[in-house]
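*Asks:* Here it is: the structure, laid out below.
The values are calculated or read from the model by the stated rules, or taken from the named source; none is laboratory data. Just so you know, these numbers come straight off a predicted model, no measurement behind them. When we count neighbours, we look across all protein chains shown, and the Cβ atoms used for this are built from the backbone with ideal geometry, even at glycine. Quick note on the areas: whole protein, heavy atoms, side chains included, nothing else; ligands and nucleic acids left out. Shrake-Rupley method; radii C 1.70, N 1.55, O 1.52, S 1.80 Å.
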Amino acid sequence: MKVYEITIKPSLNGFGTPLKGDTIFGHFCWQVAYDRTLLGRSLEELLAVYQVRPFAVFSSAFPKYCEGTRYLYLFKKPPLPFEKVFTLPASREEAFQKKKEYKAKKWMLFKEGERLPPFREMGDRLMNEKELLGRIRKLLSPEGARLLKERKNLTIFKKALHPHNTINRLTGTTGEREFAPFGVDEEFILPETELALFVGIDEGLVSIEGIRKGLERIGETGFGRDQSTGLGRFELGEDTEVSLLEMGSEEPDGCYTLSPCVPEKGAYKDMFFATFVRFGRHGDILARSSNPFKNPVIMADEGAVFIPKDRSIFQKPYIGRAITGLSKAEPNTVTQGYSLYIPVRLEG
């Protein structure tokens, strides 16, 4: 399997649905279902072997900025215990303050062309939102820096409540109960932010050209909820073949995941992750079926660290498994429980 990085350039309209790997996989499968020529094979053929041979594994999308001649990537800080990253100070008060500072650090920085050091040597690679915005401000255009300065409580991903309403066709107005105005959360990304999407593909089954074409169509029509209002639009930038093994730490002992996943049973001696529950729902024509909802799936959110029992796991660029048996409306439904990963080292 080869891994490519594809640059996503989001519109200013924001997203109604976060760009997570399993959701991107679902959107892409609908593109293949409607166009058998997209990948040269039908969706039925590709999903028939997906449990043992995934044709594509999509990561979640991560912010990136051009710093000098190289890109700066922002990844989620893994949910590791304090003791795995720092040595506890002897003083009780100092230890409490150090833990408080560590908890506020939400981001892990990665510079293109460098390898991730062991977590105990991360140092200033771990940043809180305020520190990160201070660094990003220097990378923006004058107009982008001005917008950043004017806005308060700004974050890389900012949620905002978007008002909606439903018109009663008998009265021509809103009203009570099902016609009452309501608000829906939308996610906006800091201006001038590009997103990095990593895609692992089996070149014996699909091509990067087909993957790009399918993603371009998704970007044109909109990704996720409220596409008709302009949400979820994006364009694609360049694509580059990358080696996640070379991006990771030397002599790794763990896997840092790039999308929500369901790990294989019995393959890991330790796991550190935040739980993410996917309450899935069918899209497209199945959204109007008698039962459009899928069974919920408990996943490990992106940014998890799994410690494998066997080092042979580092011989392939993905971990996890496919999830089936999710839907009564469509028995052949498959969810991406796989995840690409960056090899990391916990111990120095």
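*Asks:* Excluding residues on the same chain fewer than 8 positions from K64, give the aspartates and glutamates whose Cα lies under 12 Å from its Cα.
*Replies:* Straight-distance partners of K64: E5, E112, E192, E194.
*Asks:* In whole Å, what are the Cα extents of segment 8-55 along the three principal axes, biggest one first?
*Replies:* 37, 23, 15
*Asks:* Average the reciprocal distances over every distinct pair of alpha-carbons in segment 207-348, invert the result, and give the Kirkwood radius in Å.
*Replies:* Its Kirkwood hydrodynamic radius stands at 17.4 Å.
*Asks:* Quick one: if you stick a label point 7 Å off each Cα along the C-beta vector at R281 and E250, how many nm between them?
*Replies:* 5.0
*Asks:* What value in Å³ per residue do you get for the convex hull of the alpha-carbon atoms in segment 102-143?
*Replies:* Taking the convex hull of the Cα positions in segment 102-143, it is 76 Å³ per residue.
*Asks:* A further question follows. In nm, give the distance between the simple-model label positions of E176 and Y34, each being 7 Å from the Cα along the Cα-to-Cβ direction.
*Replies:* My value for the distance between the label points is 4.1 nm.
*Asks:* Roll a 1.4 angstrom probe over the protein heavy atoms and tell me the percent of accessible area of segment 207-288 that is carbon or sulfur.
*Replies:* 48
*Asks:* Quick query: amide H of L139 versus all other amide H atoms, modeled in the peptide plane; which residues come in under 5 Å with a sequence gap of 5 or more or a different chain?
*Replies:* Counting only residues 5 or more places away or on other chains, the set is empty.
*Asks:* How big, on average over all directions, is the shadow cast by the Cα convex hull of the chain, in nm²?
*Replies:* In nm², the orientation-averaged hull projection of the chain is 21.1.
*Asks:* Related question: At a probe size of 1.4 Å, how large is the accessible area of R146, to the nearest 10 Å²?
*Replies:* Only protein atoms counted, so the area is about 100 Å².
*Asks:* For H282, H27, give me the order by solvent-accessible area with a 1.4 Å probe, most accessible first, ignoring ligands, DNA and RNA.
*Replies:* Heavy-atom accessible area, descending, gives H27, H282.
*Asks:* Can you bin every Cα-Cα distance in segment 184-270 into 5 Å intervals starting at zero and give me the percent of pairs per bin, rounded to whole numbers?
*Replies:* 3, 9, 15, 17, 19, 15, 11, 9, 2, 0
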